[in-house]
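All remarks here apply to the structure that follows.
The values are calculated or read from the model by the stated rules, or taken from the named source; none is laboratory data. Note that this is a predicted model, so its numbers are computed, not measured. Because the Cβ atoms are built from the backbone with ideal geometry, glycine has one as well, and the counts that use them run over all protein chains shown. Protein only, heavy atoms only, side chains kept; ligands, DNA and RNA dropped before computing areas. Shrake-Rupley method; radii C 1.70, N 1.55, O 1.52, S 1.80 Å.
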Amino acid sequence: MIRGFEILEGYDGIQLPTRKTAYSAGYDLAAAERVRVTGGRVSLIPTGLKAFFPPDEVLLIYLRSSLAVKHGLILANGVGVIDADYRGHIILPVASLGGEVVIERGMRIAQGVFQKYLTVDGDTVGVGEVRRGRFGSTGNF
């Protein structure tokens with residue numbers, strides 16, 4: 001298999017992401033733990049997952065619209081970008097625009113969409129570089 005998700009060690013009992021209909025673009029990602037999201041702060045929601053896919057693809061992560069509309073939640077970075085060389089835990093930074101929201105284990109919180117991407121002619125930046133870390137691992141923040 002060249003594209004998919006794996007459950008990380010220590011996250012027994014969680015499900016692999018699935019699409020809910022034949023025309024769904026995104027795979028539903030669920031919370032692997034109960035997390036309390038408080039107003040005005042960013043909370044990290046673990047999925048218990050890592051992804052693998054070809055080097056000319058990216059996994060884009062979008063918050064489920066129902067969480068935005070019903071609970072005032074946003075993905076703190078707008079859209080999550082998981083590069084093909086990232087092999088770590090997919091953890092979602094979520095913020096509340098209102099009050100406290102409790103995300104229960106197993107609650108579907110985001111959708112992951114695999115997509116091909118293009119680079120410019122002659123692009124050599126990063127060739128031979130190896131990712132070391134997770135959030136912000138390709139630069140300073």
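Quick one: in the stretch 43-58, of everything that is among the hydrophobic types (A, V, I, L, M, F, W, C) and in contact with a Lys or Arg (Cβ under 9 Å, 6 or more places away or on another chain), which residue is most open to solvent (accessible area, probe 1.4 Å)?
Once the filter is applied, the top-ranked residue is Phe52.
If I ask for residues that are of a type in the set (A, V, I, L, M, F, W, C) and outside any strand (DSSP E or B), which ones from the stretch 1-51 would you list?
Selection gives Met1, Ile2, Leu8, Ile14, Leu16, Ala22, Ala25, Ala31, Ala32.
Are any residues in the stretch 59-71 open to solvent by 60 Å² or more (accessible area, probe 1.4 Å) and not in a helix (DSSP H, G or I), and if so, which ones?
First, pick out the residues of the stretch 59-71 that are open to solvent by 60 Å² or more (accessible area, probe 1.4 Å): 62, 65, 69-71.
Hit for the stretch 59-71 is Tyr62, nothing else.
Just to be sure before I move on: is Ile74 within 22 Å of Val35 (Cβ to Cβ), modelled with pLDDT of 95 or more, surrounded by 18 or more Cβ atoms within 10 Å (Cβ to Cβ) and touching a strand residue (DSSP E or B) at 6+ places or on another chain (Cβ under 7 Å) in the structure I sent?
So Ile74 fails the test.
Pick out the one residue from Leu8, Leu63, Leu44, Leu59 that is closer than 14 Å to Arg108 by Cβ and in contact (Cβ under 8 Å) with a residue 24 or more places away in the chain.
That would be Leu63, the only listed residue that is closer than 14 Å to Arg108 by Cβ and in contact (Cβ under 8 Å) with a residue 24 or more places away in the chain.
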